[in-house]
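Beneath this line is the structure, given in structure tokens, with notes to follow.
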Amino acid sequence: MPYLDVNDTTLYYEDEGTGPALLFLHGWGTSGRTWGAQLPDFTRDHRVVTVDWRGCGRSSRPVLGNTLAGVVDDLVALIDVLRLDRPVVVGSSIGAIFGTELALRRPELLGGLIPVDGTAYWASTGLPLAELADDLHRDRAGTLAGWVPQWYAPGTSPALIDWTVRQILDSGVHIDQHFRSLGQYDPRPDLPGLRVPVHYLHGELDTEIPLEVSRTCAALTPGAEVDVIAGAGHLPHQERPVEFNTALRAALARMAPYAHAAT
């Protein structure tokens with residue numbers, strides 16, 4: 001089992017395939033397993049790395065370092081140790097925030113960024129994070145059972161929703177600390193300075209993070225565009241994998257000239 005010791009924690013990761021590098025970042029509380037519908041397609045012609053960021057999945061559950069800066073530092077170390085050559089980061093939900101901050105702080109490390117239904121500024125303007133944190137503390141299982149179904153579009157398989165809840169329950173409670181920083185996070189002033197190509201993907205029916213969030217961010221990000229995954233909610237890579245993979249390949253194709261020119 002591939003584990004990596006970085007920054008006083010241990011990360012679980014998987015590294016498969018050869019070709020241009022992709023680094024997939026999952027959302028809050030889940031794991032790299034959420035990208036299972038992408039692996040068979042993209043490992044055919046890419047080097048694909050998935051990682052359970054600290055506190056989640058099969059990685060360690062440290063009390064400390066559960067911050068935006070802590071996770072970004074882990075990702076920098078991961079890229080260095082695995083010798084990833086300018087990977088394109090594909091980040092879901094809060095994973096898109098980690099990718100955005102990585103692109104802002106260390107643009108020379110990346111070949112591109114693809115936020116998927118990224119939380120962006122919405123966490124600080126449209127989500128009741130303090131109330132949610134309290135509810136999770138009082139009744140974690142019950143709160144997740146009521147909240148997680150809202151992540152998905154109507155008609156989603158109950159088995160997928162239940163599996164998501166189980167993943168979060170299996171992760172550490174210390175990841176709730178991210179709600180503190182998210183409550184004040186707003187990348188909009190920094191987006192015009194992004195120095196890597198960016199393409200936003202967003203589920204049409206996402207009720208957690210409105211489509212307008214990605215459109216607003218794209219308007220502020222040089223050269224960025226938005227593709228909408230029809231019929232999908234907050235996790236289009238799981239809900240509509242065929243359509244998502246097609247959109248992801250198109251985004252990667254648009255980024256390829258930049259990545260080639262920069263190497």
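Miscellaneous remarks
- Scanning region 125-135 for residues that are crowded, with 16+ Cβ neighbours inside 10 Å and under 21 Å from Gly95 (Cβ atoms) yields Leu127, Leu129, Ala133.
- Test result for Leu169, among the aliphatic types (A, V, I, L, M), over 16 Å from the mean Cα position of the chain (by Cα), modelled with pLDDT of 95 or more and under 24 Å from Glu131 (Cβ atoms): yes
- The criterion of being modelled with pLDDT under 95 and of a type outside the set (Ser, Thr, Tyr) holds for Leu127.
- Of all residues in region 204-258 being of a type in the set (Gly, Ala, Ser) and out of contact with any Asp or Glu (no Cβ under 9 Å at 6 or more places or on another chain), the one that is farthest from Phe24 (Cα to Cα): Ala219
- Residue match in region 205-219 (condition: crowded, with 16+ Cβ neighbours inside 10 Å, under 20 Å from Cys56 (Cβ atoms) and not hydrophobic (A, V, I, L, M, F, W, C)): yes
- Contacts under 6 angstrom Cβ, first residue in region 185-203 being under 14 Å from Ala120 (Cβ atoms), partner modelled with pLDDT under 95, 6 or more apart: Tyr185/Ala123; Tyr185/Ser124; Asp186/Ser124
- Scanning region 136-157 for residues that are touching a residue at least 24 places away in the same chain (Cβ under 8 Å), loosely packed, with under 14 Cβ neighbours inside 10 Å and not polar (S, T, N, Q) yields His137, Ala141, Pro154.
- Against the numbered list (1) within 29 Å of Gly65 (Cβ to Cβ); (2) under 17 Å from the mean Cα position of the chain (by Cα); (3) of a type outside the set (A, V, I, L, M, F, W, C), His174 comes up short only at (2).
- Failed condition for Leu22, given (1) surrounded by fewer than 23 Cβ atoms within 10 Å (Cβ to Cβ); (2) touching a Phe, Trp or Tyr at 6+ places or on another chain (Cβ under 7 Å): (1)
- Output for region 44-69, where each listed residue is among the β-branched types (Val, Ile, Thr) and crowded, with 17+ Cβ neighbours inside 10 Å: Val48, Val49, Thr50, Val51
The values are calculated or read from the model by the stated rules, or taken from the named source; none is laboratory data. All of these numbers come straight from a predicted model, not from anything done at the bench. When we count neighbours, we look across all protein chains shown, and the Cβ atoms used for this are built from the backbone with ideal geometry, even at glycine.
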